[in-house]
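Please read the structure below before turning to the comments.
The values are calculated or read from the model by the stated rules, or taken from the named source; none is laboratory data. These figures come from a predicted structure and were not determined experimentally. Positions of Cβ are generated from backbone atoms using ideal geometry, with glycine treated the same way; all protein chains shown enter the neighbour counts. Calculation scope for accessible area: heavy atoms of the full protein, side chains included, ligands and nucleic acids excluded. Shrake-Rupley method; radii C 1.70, N 1.55, O 1.52, S 1.80 Å.
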Amino acid sequence: VRRFVGDVLPEFMVPAVVVVLDGLPLTANGKLDRSGLPDPEFVSAVEYREPGSADEQVLAALFGEVLGVGPVGVDDGFFDLGGHSLSATRLVSRVRSVLGVEVPIRVVFEAPTVAELAARLGEGERVRAALVAQERPVSVPLSFAQRRLWFVHRFEGPSATYNIPMAVRLSGVLDVEALVSAVRDVVVRHESLRTVFVEVDGSPVQRVVDAAVLEVPVSVKEVDVVDVDSEVAAAAGYRFDLSSQIPVRASVFRCGADDHVLVLVVHHIAGDGGSLAPLVRDLVSAYAARKQGAAPGWDPLPVQYADYTLWQQQVLGDEDDPESVLSGQFDYWRGVLEGLPDQVSLPVDRPRPRVASYRGDMVPFVVGPRLRVAVEELARGEGATVSMVLQAALAVLLSRVGAGEDVAIGSPIAGRTDEALTDLVGFFVNTWVLRTRVDGGASFVEIVRQVREQALAAYANQDAPFERLVELLNPVRSTAHHPLFQVALAFQNNVFPDIDFPGLIATPLPASTAT
């Protein structure tokens, strides 16, 4: 079927799944009955060969679990099945948990099929300690990522620069009381959302607000339809005082009997892009339960953010210990970034202000299907990811407009390296710097290969906290520009949250902080 379709359609329209039916199920009106269609099964591009050894059987099952496909044969490649760097990190975590083996992400790229990866299990890597609930000290320190934002908050004061806003129009009969209760349920469930940041003996610590005395800021307001955009913008731009306010708030704007807008704002110190899916999923689940007059029937979370913070310190160790993970990673980054230019030179139309304003905007453009497919095919052909190809393209572009041959681009890295973090709301993202040498005589494929090598090495050293790295490298500091890099590429491939409130039609709305 796929060969037949491939003869009459361009490659990007050939489906990855095929279901053969005797006939299409129809409704009483003669239209396609989508609910009557069977669940599709993945059809691999290679002939199915059954896993043989126990390791192959486990890996095939884990490939299918992480990527949501099946059945997976021993010759199926992880990236051919739709994998990318983020899902490769999840695979590594699942392999660690199920098989008790540490597999570097580089090995997944070098041995992407089930058979190849099974042959390379356990190549001498020490297994990282699993993340479990920790014994809490009196004062829980901040995670490395939180320290970065806490410093910015103290240095610049409350601002909307690091707000994560979500806005959605809810059409239908909304149970406002149930929604307010659901927001509280979610904040109670995730300790990161009810944490304030205070100083004890000159050091910042996390203080989780007890659920019994917790006041969750949820406002309900009558709003004229013409004022919705301005109200959403005002809500998105709220300025948290992290020392006394929990880092989340919700606003419900009633525009009519069956027309409401929900705006949820989380400060980045308590959440990240990977937090949106579990946050929305839990909110929808809690709303469904509260609408029925019941509390949500969640299984308890295996860990909380404070557990992660303590575990992070244990796993990475002391940077003064030459045998520690942290020390080894800092050595890597010092070597890679030595001699980096202070700034990227770009043909801007005005000088930088002395103090960065953080004002900003978005300019959308579209990458069409054919170009997207070409990028994906180039990535697969080079054993790379789409983000690596885009990183190479951006480096070449910056070089051509004046950045020279030594181009540094920053990127966020998800940081969810243990499976216990999958359903947790929290701030796990770190920042890394990929340095690309753009030789005018090199082909673009050679640039992609260089970026691939840089990225794979960076994955193995992704835990080194960026703000501490800046201190160690000690570049020229300025309030006018960011240290080490001034251009960043964020490839947003997190799972998009499914906003499916029962009895309501949800339509996402733009919510900008203008930063």
Quick one: what Rg and Dmax do you get for the stretch 24-183 from the alpha carbons, in Å? 23.4, 67
Dipole axis of the chain (+1 Lys, Arg; -1 Asp, Glu on Cβ), positive-most option in Pro465, Val223, Asn494: Val223
Lys and Arg at +1, Asp and Glu at -1: add these up for the other residues within a Cβ distance under 11 Å of Ala464 and post the number. -2
So for the pair Ala460, Asp258, with labels modelled 7 Å out along Cα→Cβ, what separation do we get in nm? 6.0 nm
Picking from Gly172, Pro278, Ile246, whose Cα lies most toward the positive end of the charge dipole for the stretch 146-294 (charges on Cβ: Lys, Arg +1; Asp, Glu -1)? Pro278
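Filter the GluC sites (Glu not before Pro) in the stretch 365-438 to those in DSSP coil with at most 14 other Cβ atoms within 10 Å of their Cβ, and list the result.
For GluC sites (Glu not before Pro) across the stretch 365-438 that sit outside H, G, I, E and B with at most 14 neighbouring Cβ atoms in 10 Å, the list reads Glu405.
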Take Glu135 and Asp22, extend 7 Å from each Cα along the Cα→Cβ direction, and tell me the distance between the two endpoints in nm. 6.6 nm
Sort Thr431, Thr195 by accessible area with a 1.4 Å probe, largest first. Thr431, Thr195
Ranking Arg449, Arg290 from most to least accessible area with a 1.4 Å probe gives Arg449, Arg290
Non-local residues with an amide H under 5 Å from the amide H of Thr113, with H modelled 1.01 Å from N and Pro and chain starts lacking one, are Phe78
Judged on accessible area alone, 1.4 Å probe, highest first, Tyr287, Tyr162 line up as Tyr162, Tyr287
Sorted by mean Cβ packing within 10 Å, highest first, what order do the peptides 467-475, 306-314, 490-498 take? 306-314, 467-475, 490-498
What translational diffusion coefficient, in µm²/s and rounded to a whole number, does the Stokes-Einstein relation yield for the stretch 344-420 at 10 °C and a viscosity of 1.306 mPa s, taking the hydrodynamic radius as the Kirkwood radius over Cα pairs? 101 µm²/s
Report ³J(HN,Hα) in whole Hz for each residue of the stretch 272-283, in order, from the Karplus equation J = 6.51 cos²θ - 1.76 cosθ + 1.60 where θ = phi - 60°; Gly and Pro get x. 8, x, x, 7, 5, 5, x, 5, 5, 4, 5, 5
Estimated dipole of the stretch 61-205 in Debye, rounded to 20 [Cβ of Lys and Arg +1, of Asp and Glu -1, Cα centre]: 380 debye
Rank by packing, highest mean first: peptides 70-77, 250-257, with packing defined as the count of other Cβ atoms within 10 Å averaged across residues. 70-77, 250-257
Check: the stretch 140-222 dipole with +1 on Lys, Arg Cβ and -1 on Asp, Glu Cβ, in debye: 300 debye
Quick check on the chain: helices-only [θ] at 222 nm, where DSSP H runs of length 4 and up contribute -39,500 (n - 2.57) each and the sum goes over total residues. Nearest 500, please. -10500 deg cm²/dmol
Computed magnitude of the charge dipole of the chain (debye, nearest 20; Cβ of K, R +1, Cβ of D, E -1): 1120 debye
Excluding ligands and nucleic acids, what accessible area in Å² is computed for Ile409 using a 1.4 Å probe, to the nearest 10? 0 Å²
Roughly how many Å is it from the Cα centre of the stretch 117-176 to that of the stretch 202-247, as a whole number? 18 Å
Measure off 7 Å from each Cα along the Cα-to-Cβ vector at Val46 and Ser244, then give the distance between these two points in nanometres to one decimal. 6.2 nm
Measuring from centroid to centroid over Cα atoms, what is the spacing of the stretch 340-364 and the stretch 178-201 in Å? 35 Å
Where the chain is the region considered: accessible area per residue in Å², 1.4 Å probe: 51 Å²
